[in-house]
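The structure under discussion appears below in the form of structure tokens.
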Amino acid sequence: MRAVDFRASEETEGAFYITGDDGYWRDKALGEFRALVPDYARDLDLKSIYPFRNPDELEEAVTSFSPFGGKVVVLAGGYGQSGKGDSESRSAVAGWSRILEESGTDTVLVVYDSKLPAQIAKRMTEIDCSRLDAQTLKGYITELVRPRKIDYRALNMLAEYTNRDMARIANEIAKLEAYCAGGAEITAEAVDALVADTADNAAYEFSGALADRNRAKATELLGRFIAEGVPYTMLLSLLTNQYRRLLHCSLSPKASDAELAEALGIKEYAARRSRETARKYTQSALKKILTLLVNAEYSFKSGEMSDETAFRTAVAEITAM
């Protein structure tokens with residue numbers, strides 16, 4: 001089930017496997033499991049084990065009984081993080097099977113931040129803590145800010161700027177609610193003023209790494225983009241727009257960052273960061289790079305090469321300059 005739909009109070013026993021990469025939903029699910037144990041019983045009935053290498057390390061916890069007649073909740077994390085290896089071995093599968101069979105009816109076992117054997121994971125209730133799709137996320141945010149309202153454009157911008165990272169969205173909402181005093185509606189203007197665009201930040205970091213000839217940093221950032229599923233077409237578009245901005249910053253006669261930001265229709269901090277990176281290039285180099293990126297876009301749009309090849313070729317040429 002999705003974490004957004006999960007209610008620990010409705011799941012009174014069994015084994016659960018928390019998956020997904022959004023820390024907000026993971027922490028929310030773990031918090032609900034902790035809440036199953038009353039405060040007076042937590043020293044004995046709430047057991048936290050992190051990390052552990054062998055499922056046998058959980059045996060004592062999952063076979064214990066509550067002296068208060070309530071639930072024993074076992075939160076166990078950090079298993080098998082180095083990959084498959086021993087975590088998929090026959091002995092590991094046998095160990096996990098024994099743990100699941102030995103767990104009492106009044107025991108709730110919750111495994112998180114772990115890599116379980118596939119056949120064991122199938123026997124547990126999965127709580128998917130992946131980032132929500134855009135539509136579900138917007139509905140959740142709308143409920144989260146009630147009775148305050150948030151306009152539709154603000155919803156779209158908040159989801160886009162944060163790359164649907166709910167942990168970051170929660171932090172940004174706290175800022176927005178303080179900014180929109182007196183229960184006022186959260187507007188697109190407020191989001192634009194307070195919430196930094198993750199995509200822009202990524203473009204600044206990537207272009208900065210290329211300008212510094214820092215191949216290790218550029219490779220790390222590229223790996224992060226790919227892991228997050230950012231399409232190569234979007235990466236190329238972001239990079240093209242960023243270098244176009246760098247060229248404008250280099251050529252602009254505007255004296256202050258504020259004046260430049262107004263002229264380009266961007267935030268002042270964006271103008272400042274762009275200027276800092278632009279200074280690392282000559283104007284002729286920026287013109288050459290922008291031409292290179294525009295040609296790369298044309299190459300994949302015309303079918304001469306794939307979007308991945310066009311992007312990687314352009315980055316390799318920029319790095320070699």
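Values quoted throughout were computed directly from the atomic coordinates according to the rules given, and no laboratory measurement underlies them. If you're wondering where the values come from, they're calculated on a predicted model, not measured in any experiment. A quick note on method: Cβ atoms are made from the backbone with ideal geometry, for glycine too, and the neighbour counts reach across all protein chains shown.
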Low-density loop positions, GluC sites (Glu not before Pro), the stretch 108-193 - DSSP coil, at most 13 other Cβ in 10 Å: GLU185
In straight Cα distance, which lysines are under 18 Å from LYS71, not counting same-chain residues fewer than 8 positions off? LYS47
Kirkwood radius from Cα pairs of the chain plugged into Stokes-Einstein at 10 °C, 1.306 mPa s, gives D in µm²/s equal to 68
With only helices counted (DSSP H, runs n ≥ 4, each -39500 (n - 2.57)), the per-residue ellipticity at 222 nm for the chain, to the nearest 500, works out to -17000 deg cm²/dmol
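Hey, what D do you get for the stretch 3-128 in µm²/s if you plug the Kirkwood alpha-carbon radius into Stokes-Einstein at 20 °C and 1.002 mPa s?
147
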Would you please name the trypsin sites (Lys or Arg not before Pro) within the stretch 172-274 that are DSSP coil residues with at most 15 other C-beta atoms within 10 Å of their C-beta? ARG213
Using amide H atoms built in the peptide plane, which far-off residues or other-chain residues are under 5 Å from ILE150 H to H? ILE186
Less than 24 Å apart at the alpha-carbon level, and either on another chain or at least 8 residues along: which lysines does that give for LYS280? LYS217, LYS254, LYS267, LYS288
Checking the stretch 86-157 for trypsin sites (Lys or Arg not before Pro) in a loop per DSSP with at most 12 other beta-carbon atoms within 10 Å yields LYS122
Rounded to the nearest 10 degrees, what's the angle between the helix 215-227 long axis and the longest principal axis of the chain, both from Cα atoms, 0 to 90? 60
Counting just the Cα atoms, what span does the stretch 1-52 cover along each of its three principal axes? Round to the nearest Å and put the largest first. 30, 28, 20
Mind jotting down the distance between the C-alpha centroids of the stretch 95-144 and the stretch 290-311, whole Å? 42
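Which number do you get for Rg(Cα) / (2.2 N^0.38 Å) in the stretch 198-320? Working shown, then result.
Values: Rg = 14.2 Å, N = 123, 2.2 N^0.38 = 13.7 Å.
So the Cα radius of gyration is 1.03 times the expected 2.2 N^0.38 Å.
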Output the Cα-based Rg and Dmax of the stretch 134-194 in Å, rounding Rg to one decimal and Dmax to a whole number. 10.1, 28
Amide H within-cut-off set for ILE49, under 5 Å, with H built and near neighbours excluded: LEU75, ALA76, GLY77
